[in-house]
Amino acid sequence: MFRRMMSAVLLVAFASSTVACHSYVLVRQPLEFIASQRPPEVIVTGSDGAKFSISGPQVFGDTVVGYVNGQYQEVKFNNVGQVRVRQNANGKTALLIIGGAAGVVGIAWFVSGLGAATQTGNVVTDCDDDPTQPGCY
Amino acid sequence: MRALLIGATAVLVAASPARAQVKFTVDAKSSLAWWQIDPHMAHLWATTCPQEPSWRPGEGRSAGWFIDRAVAWKRGYAAVSDTTEVPLYPRFRVRPLCTEAMTGEFTVADTVNWRGISGLVIVDPKYLISGEDMRDGYARDALFEVRKYADMRYQVDSVIDLQHKGDTVKAVAVGSMTIRGITKPIRYNLVVTREGNGGLRIRSKTMILPDQLITDFGFNPYAFGLGIGERIWKHVFFGGDVVLRPAAGH
């Protein structure tokens, strides 16, 4: 029973630790957003469906400029389908914190119980030391 | 910086073939000067136009700057000499967005044979930005000593070794450079192309050895620390990307 609980706690902790604290959200007015907010990076979906990241984007007229895979690029906005920007994901962040805390508590609980003796009546037996003793099976 | 002057020289090269004297002035909003150390160790370069979207600061930058990880992390801080990527972040398109860090004027007496060329470009070294505030402050105060030496000057006396290839002219500018009040002869490699509205764009570059900063231009050797003291630096590049416009009435 204890080991099942422990496994569940660790599973939740692991799952929550793998979710990012950010998510990419669609920007409705990309040119205005990039010009005013100066995000460090945007994810662009081209009109041909290709997705790429622009690092340090800036807007000049109808053109978005920045670095794509280490190469300076100028992308006409006509060729851009969607623009997504990374934002903090509060829900995921909260889940991460709760999951992490649960994991820590679970591990502490597990560690504190290691080597605990099994009490049978007035006799204390150590089942790890001798599993054949009465009460250990 | 020298490049600026050189660039002016290039103007001579690209100007229309008229025998009348032609005068050009530096378009400060569209012009920039830069320096770069080799090896740059992911942070040793600066420009007077950090507003240029193709430019990026190096590692250890101050807040508010963006770097491109694909480029910046290629070699990290390693002292790997590479003189092929100079400048590391060239300008691909001229935009009038730079800090007005330079002024200058050029005249050409004979634009057919390119004789009688003279010009001067002045750069204010306090506008050279690397993207790290403490480093820039140190360069201004301890290296360039801008309170004492307010400008760097590039005098162009002539242009030689002209090579025409389509709309592009390659040449060498001969003149002098003044840094920290000390003037030394210089030569700059130039690439000249036409820019809109009768303008000329001159990209220039020159290289000196790190020791020359001390022996030729009087920089404090201790201020450079290990870069020169331990001979980590191999080359020092200076350059410019200058746009010249015909002066009023020309």
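List of remarks:
- With respect to (1) away from chain A (no Cβ under 12 Å); (2) within 26 Å of B:GLN163 (Cβ to Cβ); (3) at pLDDT below 95; (4) under 14 Å from the mean Cα position of the chain (by Cα), the lone exception for B:ILE37 is condition (2).
- Hits in the stretch B:175-214 - residues which are part of a loop (DSSP other than H, G, I, E, B) and over 21 Å from B:ARG93 (Cβ atoms): B:ARG180, B:GLY181, B:LEU209
- The set of residues from the stretch A:27-60 being within 14 Å of chain B (Cβ to nearest Cβ) and closer than 11 Å to A:VAL80 by Cα comprises just one member, A:PHE52.
- Filtering the stretch B:215-226 to residues that are of a type in the set (Gly, Ala, Ser) and part of a helix (DSSP H, G or I) leaves only B:ALA223.
- Hits in the stretch B:143-166 - residues which are more than 15 Å from B:SER204 (Cβ to Cβ) and at pLDDT 90 or above: B:LEU143, B:PHE144, B:GLU145, B:VAL146, B:ARG147, B:LYS148, B:TYR149, B:ALA150, B:ASP151
- In the stretch B:66-76, residue modelled with the lowest pLDDT [restricted to those that are of a type outside the set (Lys, Arg), surrounded by 14 or more Cβ atoms within 10 Å (Cβ to Cβ) and under 23 Å from B:VAL236 (Cβ atoms)]: B:ALA72
- From the options B:THR99, B:THR83, residue that is surrounded by fewer than 21 Cβ atoms within 10 Å (Cβ to Cβ), touching a Cys at 6+ places or on another chain (Cβ under 9 Å) and assigned to a loop (DSSP other than H, G, I, E, B): B:THR99
- When B:THR84 is tested against (1) of a type in the set (S, T, N, Q); (2) without any contact (Cβ under 8 Å) to a residue 12 or more places away in the chain; (3) in contact with a Phe, Trp or Tyr (Cβ under 8 Å, 6 or more places away or on another chain), exactly one condition is not met: (3).
- Residue within the stretch A:59-73 that is assigned to a strand (DSSP E or B), at positive phi and at pLDDT 85 or above present: yes
The values are calculated or read from the model by the stated rules, or taken from the named source; none is laboratory data. Quick caveat, the model's predicted, so the values are computed rather than measured. Counting neighbours? That spans all protein chains shown, and the Cβs are built from the backbone with ideal geometry, glycine included.
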